[in-house]
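Q: Attaching a single structure in structure tokens format; questions to follow.
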Amino acid sequence: MNTPQRIIAHFDLDSFFVSVEILNNPSLKDKPVIVGGRDRGVVAACSYAARKFGIHSGMPSKKAFQLCPHLIVANGSRGEYSKYSRWVTQIIAAKAPLFEKASVDEFYIDLTGMEKFFNPLQWTIDLRQEIIDETKLPISFGLASNKMMAKIATDEAKPNGYLQVPFGKEKEFLAPMPVSKIPGVGEHTYGALKAMGITLIKHISERKVEELEERLGKWGVDLWYKSHGIHDREVSQYHEAKSVSTEHTFDENKTDINYLMSELVRMVERIAYELRQDGKVAGCVAVKIRYPDFETTSRQTTIDYTCADDEIIPVAKELFNKLWKKGQPIRLLGVRLSELTNDAVQTNLFDDVERKNDLYKAIDNVKQRFGKASVKRASSN
């Protein structure tokens, strides 16, 4: 039985954070703009005008200002980023048979088998145009035989374009590109490859796989396959309902508000910790209450994507206060975080966010060493 030819589309919103800022403030168009911290922070996103000065994502903001003294720093509105990310997700979800939300601004769509019913390239072009027409955001896509090839094609199509890699031409398409174009090739691997006289992807495919394995181990074998355009990772179906949750059935029914609030905080801290360990952020919080007569009620609300305790706890408390029948004993209390996606919105947009991230890393390191209950939040009135 022959395996059907895989057809994978990769969508990426161009300079997503900056594009949203330009939508909200059109005077920023065609100007060197970054989203990120001014002093201690890093560049989370930059406009194409800023890139002409050598500025790129992940660069310390201080260095960015040295390269472009008249650089404009956008305030960064995470609520707006969350809103537009959800909007694009809804458009794709309404059309795509199978899609994966890789991050707040990046999506994979598996169109395998759909060529019997429509032209996959034209379908993807139409979907891209619908996203642009509705949201006014620039977006690029690549269409290819697997996720890696589609992502590389998207990078080549930017800004605001699209590109299809003909099936069977993957190796030829990759050959003239620098090895840094292969996902996962960082400075260390690049240095090791350069020492072997390898600077272009074709140099990898021309080597014997045994030689690469001897020099680089399993990663060398993986690189050899990638240099031929071979990549078998599947598109993982995205579900809004994907969540982390915890709940507690009390030995005795509880009415003490201080106890219930401290339990709620403990639950949020536990599942927010799980999020951070998985590199995820949540866009929805839900609280559940069950009374002694087994009547169960729940309430949820969407939030700006986050994994920070101090941003989730006030929302959970507010939901609890709206749900709870004052004075009624509670048998069970639960919290759920859903609409999970990869941690991209939290990329040190502001100086205080960077400091907060450092704090949570320190707290999580303590929890890993001494157990999840080793760090507790001080009670506040």
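Q: With the requirement that a residue be under 14 Å from residue 137 (Cβ atoms) and either touching a Pro at 6+ places or on another chain (Cβ under 9 Å) or in a strand (DSSP E or B) (or both), what does the stretch 17-47 give you?
A: Hits for the stretch 17-47 are 19, 45, 47.
Q: A further question on this structure: I'd like to verify a number: residues in the stretch 306-323 that are among the basic types (Lys, Arg) and either farther than 15 Å from residue 266 by Cβ or in contact with a Ser or Thr (Cβ under 6 Å, 6 or more places away or on another chain) (or both), how many? Show your work before the answer.
A: Here is the first cut: in the stretch 306-323, the ones among the basic types (Lys, Arg) are 317, 322.
If we keep only those that are either farther than 15 Å from residue 266 by Cβ or in contact with a Ser or Thr (Cβ under 6 Å, 6 or more places away or on another chain) (or both) too, we end up with 322.
Looking only at that region, the number is 1.
Q: Just checking, which of 84, 108 is modelled with pLDDT of 95 or more and buried (at least 17 other Cβ atoms within 10 Å of the Cβ)?
A: Numbers: 84 fails: modelled with pLDDT of 95 or more.
Exactly one of 84, 108 is modelled with pLDDT of 95 or more and buried (at least 17 other Cβ atoms within 10 Å of the Cβ), namely 108.
Q: Is there a residue in the stretch 240-248 that is assigned by TED's automatic domain parsing to the domain that holds residue 285 and over 28 Å from the mean Cα position of the chain (by Cα)?
A: Yes, some residue in the stretch 240-248 is assigned by TED's automatic domain parsing to the domain that holds residue 285 and over 28 Å from the mean Cα position of the chain (by Cα).
Q: Next question. Can you tell me how many residues in the stretch 49-81 are modelled with pLDDT of 90 or more, aromatic (Phe, Trp, Tyr) and either within 21 Å of the chain's Cα centre (by Cα) or crowded, with 21+ Cβ neighbours inside 10 Å (or both)?
A: Going through the stretch 49-81 one residue at a time, the tally reaches 0.
Q: Then there's this: Before we move on, is residue 171 farther than 22 Å from residue 5 by Cα, touching a residue at least 40 places away in the same chain (Cβ under 8 Å) and touching a Ser or Thr at 6+ places or on another chain (Cβ under 7 Å)?
A: Working: farther than 22 Å from residue 5 by Cα: no; touching a residue at least 40 places away in the same chain (Cβ under 8 Å): yes; touching a Ser or Thr at 6+ places or on another chain (Cβ under 7 Å): yes.
So residue 171 fails the test.
Q: Further question: Between residues in the stretch 45-71 that are in contact (Cβ under 8 Å) with a residue 60 or more places away in the chain and residues that are assigned to a loop (DSSP other than H, G, I, E, B) and surrounded by fewer than 16 Cβ atoms within 10 Å (Cβ to Cβ), which pairs lie under 8 Å by C-beta distance while being six or more apart or on different chains?
A: Taking only residues 6 or more apart or on different chains, the pairs are 48/159.
Q: Being within 29 Å of residue 275 (Cβ to Cβ), part of a loop (DSSP other than H, G, I, E, B) and acidic (Asp, Glu) is true for just one of 247, 234. Which residue is that? Before the answer, list the steps.
A: Details: 247 fails: part of a loop (DSSP other than H, G, I, E, B).
Checking each option against the conditions leaves just 234.
Q: Does the stretch 56-79 contain any residue that is assigned to a loop (DSSP other than H, G, I, E, B), closer than 16 Å to residue 15 by Cβ, among the aliphatic types (A, V, I, L, M) and in contact with a Leu (Cβ under 8 Å, 6 or more places away or on another chain)?
A: No, there is no match, as no residue in the stretch 56-79 is assigned to a loop (DSSP other than H, G, I, E, B), closer than 16 Å to residue 15 by Cβ, among the aliphatic types (A, V, I, L, M) and in contact with a Leu (Cβ under 8 Å, 6 or more places away or on another chain).
Q: Out of curiosity, is residue 12 within 19 Å of residue 137 (Cβ to Cβ) and either among the polar types (S, T, N, Q) or part of a loop (DSSP other than H, G, I, E, B) (or both)?
A: On the way: within 19 Å of residue 137 (Cβ to Cβ): yes; either among the polar types (S, T, N, Q) or part of a loop (DSSP other than H, G, I, E, B) (or both): no.
No: the conditions fail for residue 12.
Q: Which of the numbered conditions does residue 154 fail, given that it passes all the others? Conditions: (1) part of a loop (DSSP other than H, G, I, E, B); (2) within 19 Å of residue 14 (Cβ to Cβ); (3) of a type in the set (Val, Ile, Thr).
A: The one condition residue 154 does not meet is (1).
A quick yes/no check of all residues on (1) closer than 30 Å to residue 295 by Cβ; (2) in contact with a helix residue (DSSP H, G or I) (Cβ under 8 Å, 6 or more places away or on another chain); (3) at pLDDT 95 or above; (4) hydrophobic (A, V, I, L, M, F, W, C):
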{"residue": "168", "(1), (2), (3), (4)": "no, no, no, no"}
{"residue": "172", "(1), (2), (3), (4)": "no, no, yes, no"}
{"residue": "177", "(1), (2), (3), (4)": "no, yes, yes, yes"}
{"residue": "217", "(1), (2), (3), (4)": "no, no, no, no"}
{"residue": "246", "(1), (2), (3), (4)": "yes, yes, no, no"}
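Q: Name the single residue, out of those in the stretch 138-188 being in contact with a Phe, Trp or Tyr (Cβ under 7 Å, 6 or more places away or on another chain) and β-branched (Val, Ile, Thr), that is farthest from residue 109 (Cα to Cα).
A: 179
Q: Which count do you get for residues in the stretch 198-212 that are assigned to a loop (DSSP other than H, G, I, E, B) and aliphatic (A, V, I, L, M)? Let's see the steps before the verdict.
A: Taking the stretch 198-212 and keeping what is assigned to a loop (DSSP other than H, G, I, E, B), we get 198-199, 207-208.
In the following step, the residues that additionally are aliphatic (A, V, I, L, M) were identified as 198.
Looking only at that region, the number is 1.
Q: For residues in the stretch 217-249 being touching a strand residue (DSSP E or B) at 6+ places or on another chain (Cβ under 8 Å) and among the aliphatic types (A, V, I, L, M), which is surrounded by the fewest Cβ atoms within 10 Å (Cβ to Cβ)?
A: 241
Q: Right, another one. Looking at the stretch 124-145 only, could you name the residues that are under 16 Å from residue 167 (Cβ atoms) and either modelled with pLDDT under 95 or of a type in the set (A, V, I, L, M, F, W, C) (or both)?
A: Matches in the stretch 124-145: 143, 144.
Q: While we're looking at this one, here's another question. Restricting attention to the stretch 250-303, which residues are surrounded by 16 or more Cβ atoms within 10 Å (Cβ to Cβ), part of a helix (DSSP H, G or I) and not charged (D, E, K, R)?
A: Correct list: 260, 261, 264, 265, 267, 268, 271, 272, 273, 275.
Q: Which members of the stretch 265-315 meet the condition of being more than 20 Å from residue 252 (Cα to Cα) and among the polar types (S, T, N, Q)? Show your work before the answer.
A: First, pick out the residues of the stretch 265-315 that are more than 20 Å from residue 252 (Cα to Cα): 268-286, 298-315.
Matches in the stretch 265-315: 277, 298, 300, 301, 302, 306.
Q: When residues of the stretch 304-315 are filtered for being part of a helix (DSSP H, G or I), hydrophobic (A, V, I, L, M, F, W, C) and within 21 Å of the chain's Cα centre (by Cα), how many remain?
A: Let us first name the residues in the stretch 304-315 that are part of a helix (DSSP H, G or I), namely 309-315.
Checking the rest, the ones that are also hydrophobic (A, V, I, L, M, F, W, C) come to 312-313, 315.
Still in the running and within 21 Å of the chain's Cα centre (by Cα): 312.
Count: 1.
The values are calculated or read from the model by the stated rules, or taken from the named source; none is laboratory data. Given the structure is predicted, the values throughout are model-derived calculations rather than measurements. Cβ atoms come from the backbone with ideal geometry, glycine included; neighbour counts cover every protein chain shown.
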